[in-house]
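Enquirer: Pasting in a structure now, in structure tokens, and then I'll have a few things to ask.
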């Protein structure tokens, strides 16, 4: 991967300056239990997120807390990225297979802020 890394790669780097894209959980968003650094998460370095202005394309993005992304929000994110093009579109496209896999099992995924 060019932009995202895995949890095992993050451990090797001994760094925590990443936004963690976590797969959803069973049940309602209100029942979400936050656990950091899951093995099946994708991690995006804060420098990349800042460079591409990730917060501009994700509805209700919370830089320091939890952002829930449901199927409709993901569709909006894809559309926003396509409209902007460039590196932001490359980043979102890289996450696309992971997000599609998530939505086969869950109704949402979570972005944990730094």
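The numbers here are math on the coordinates, done by the rules we state, and not lab data. Only a predicted model underlies this, so the values are computations on that prediction, with no experimental measurement involved. Glycine gets a Cβ as well: all are built from the backbone with ideal geometry, and neighbour counts include every protein chain shown.
Enquirer: Suppose each label sits 7 Å from its Cα in the direction of the beta carbon; what would the residue 36-residue 60 distance come out to in nanometres?
Expert: 2.3 nm
Enquirer: Any chance you could get the radius of gyration and Dmax over the Cα atoms of the chain, in Å?
Expert: Radius of gyration, then largest Cα-Cα span, for the chain: 13.1, 36 Å.
Enquirer: Can you give the helix-only mean residue ellipticity at 222 nm for the chain, where every DSSP H stretch with n ≥ 4 adds -39500 (n - 2.57) and the sum goes over all residues, rounded to the nearest 500 deg cm²/dmol? Present the calculation step by step, with values, prior to reporting the outcome.
Expert: On the way: 4 runs with 47 residues, N = 114.
Calculated at 222 nm, the ellipticity per residue is -12500 deg cm²/dmol.
Enquirer: Another question about this same structure. Using 0.36 nm times the number of residues separating residue 82 and residue 94, minus their current alpha carbon distance, what extension gain do you get?
Expert: 3.0 nm
Enquirer: Here's another thing I want to ask about it. Under a crude label model (7 Å from the Cα following the beta-carbon direction), how far is residue 104 from residue 72 in nanometres?
Expert: Computed distance between label sites residue 104 and residue 72 equals 2.6 nm.
Enquirer: Based on alpha-carbon centroids, what's the gap between region 34-66 and region 1-15 in Å, whole number please?
Expert: 14 Å
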